[in-house]
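As structure tokens, the structure follows; a few thoughts come after it.
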Amino acid sequence: MTDQLAIAVLGGGSFGTAISNLLAENGHAVRLWMRDAAQAEAIRSTRENPRYLKGIKIHALVEPTTDLAATLASSELLFVALPSSALRAALAPHAAQLAGKQLVSLTKGIEAQTFKLMSEILEEVAPQAHIGVLSGPNLAKEIAEHALTATVVASEDEALCRRVQAVLHGRTFRVYASGDRFGVELGGALKNVYAIIAGMAAALGMGENTKSMLITRALAEMTRFAVKLGANPMTFLGLAGVGDLIVTCSSPKSRNYQVGFALGEGLSLEEAVARLGETAEGVNTLKVLKAKAEELQIYMPLVAGLHAILFEGRTLAQVIEVLMRGEPKTDVDFISLSGF
Ligand SMILES: NC(=O)C1=CN([C@@H]2O[C@H](COP(=O)(O)OP(=O)(O)OC[C@H]3O[C@@H](n4cnc5c(N)ncnc54)[C@H](O)[C@@H]3O)[C@@H](O)[C@H]2O)C=CC1
Ligand SMILES: O=C(CO)COP(=O)(O)O
């Protein structure tokens, strides 16, 4: 073991499990908290998480647990990999135990009622904690299979960044640091929406020019939005911006892409989400992003188009017609909008 730091991962889904394994492979004992006792018992006895990460052996240093209070009390560094819809409700009752701890959000979503990012919720719930986020092109299954991967840890707290690098950086996983927590986190949340669009385009057999146009215009759109909210546009050229956008918009392993693909095959949104049976943050993010873009009057035609298809009864053909007929624009207008 490299040191005796007490580490926990909250959330027994595919990402929480994959990150726990990386920490354990680096020599750290990890408590992996999940709410489902049967799942914890299954992991303990079979050393696999078949529901969320089939076929991956779970390291002996990963200890599944269902006791959240004890896990928080005994850990100094906590990685939070809960769905965005669950994060606040899971942690708020335990706020007192989080003071002084290092909390790193792995969750790529936006809270529906408040438009808060997950690290902002952590900050609100635990104002005395040290807060960071981890984001990048990080498909859980590939991480678990030791595909060479890079990520970004972002925080104003340099000691937190250094500690996360120390415990997670490894033979197959590079951890870069950033001071732009907001930009890194926003990139991870926004790209999920565009992955749904990319999945639809793939199901409809659209060409490579179309896929490239979609990804590039998605980057322009999400950067324009982020700049308006005060983020540094340069962050969107990094791993947590264009890096994550590329992987999620081009891989059938992405759950958001899978939802889009199912929609493109003709399934309803409810059917597509039910068939997936895992977290696809982009559906909720689409709703809140559309409302926010309208409120702030930010031009986001791809977001508006997907929203029109999923929630306003428009057909794909109608939306494509509107998008392609829109007046010609400047290519990289979003950069010139920045104050950086
Ligand atoms: N899977 C991936 O490749 C990656 C996922 N993420 C992010 O990680 C977050 C978690 O996603 P996954 O692990 O992929 O999800 P998943 O769909 O694989 O698993 C979700 C887990 O959360 C648990 N859960 C749901 N509601 C809960 C609640 N109220 N209290 C406690 N546990 C609850 C489920 O039981 C399950 O264990 C998401 O925000 C996702 O965007 C980020 C990077 C990569
Ligand atoms: O964020 C991810 C990869 O970086 C995972 O994407 P999905 O949630 O769409 O599977």
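Below is a table of values for the structure above.
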| item | result |
| --- | --- |
| Yes/no for T248 being within 16 Å of ligand 1 (Cβ to nearest atom), within 14 Å of L190 (Cβ to Cβ) and outside the structural domain of P137 (by TED's automatic domain parsing) | yes |
| Those residues of segment 251-272 which are under 21 Å from L186 (Cβ atoms) and either more than 10 Å from ligand 2 (Cβ to nearest atom) or charged (D, E, K, R) (or both), in sequence order | R255 |
| Qualifying positions in segment 102-125 - over 21 Å from R35 (Cα atoms) and more than 16 Å from ligand 2 (Cβ to nearest atom) | Q102, A112, Q113, T114, F115, K116, E120, E123, E124 |
| Segment 130-139 - residue that is in contact with a Leu (Cβ under 7 Å, 6 or more places away or on another chain) and either small (G, A, S) or at pLDDT below 95 (or both) and, of those, farthest from ligand 1 (Cβ to nearest atom) | G132 |
| Scan of segment 228-260 for residues that are farther than 22 Å from T151 by Cα and touching a Pro at 6+ places or on another chain (Cβ under 7 Å), ordered by number | Q258 |
| Single residue of V175, V152 found to be more than 14 Å from G241 (Cα to Cα), in contact with a Leu (Cβ under 9 Å, 6 or more places away or on another chain), part of a strand (DSSP E or B) and within 15 Å of ligand 1 (Cβ to nearest atom) | V175 |
| Boolean, L5 is of a type in the set (A, V, I, L, M), outside any helix (DSSP H, G or I) and under 17 Å from R163 (Cβ atoms) | yes |
| Candidates L160, L186, L214, filtered to the one that is of a type outside the set (V, I, T) and within 16 Å of ligand 1 (Cβ to nearest atom) | L186 |
| The lone exception for A112 - which of (1) farther than 24 Å from A144 by Cβ; (2) within 14 Å of ligand 1 (Cβ to nearest atom); (3) at pLDDT 95 or above it fails | (3) |
| Residue ID - farthest from L53 (Cα to Cα), chosen from residues in segment 218-241 that are part of a helix (DSSP H, G or I), without any contact (Cβ under 8 Å) to a residue 60 or more places away in the chain and away from ligand 1 (no atom under 16 Å from the Cβ) | A226 |
| Restricting segment 8-54 to residues that are more than 9 Å from ligand 1 (Cβ to nearest atom) and in a loop (DSSP other than H, G, I, E, B), the residue that is surrounded by the most Cβ atoms within 10 Å (Cβ to Cβ) | H28 |
| Boolean, A147 is closer than 20 Å to A86 by Cα, within 16 Å of ligand 1 (Cβ to nearest atom) and in a loop (DSSP other than H, G, I, E, B) | no |
| In segment 80-89, the residues that are more than 7 Å from ligand 1 (Cβ to nearest atom) and touching a Ser or Thr at 6+ places or on another chain (Cβ under 8 Å) | V80, L87 |
| Leading residue by the ranking (farthest from ligand 1 (Cβ to nearest atom)) among those in segment 257-276 that are surrounded by 21 or more Cβ atoms within 10 Å (Cβ to Cβ) and either over 21 Å from I246 (Cα atoms) or among the aliphatic types (A, V, I, L, M) (or both) | L263 |
| Sole exception among (1) more than 16 Å from ligand 1 (Cβ to nearest atom); (2) modelled with pLDDT under 95 for T279, by number | (1) |
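The values are calculated or read from the model by the stated rules, or taken from the named source; none is laboratory data. Values in this document were obtained by computation on a predicted structure and should not be read as measured data. Note that each Cβ is placed from the backbone with ideal geometry, even for glycine, and that neighbours are counted across all protein chains shown.
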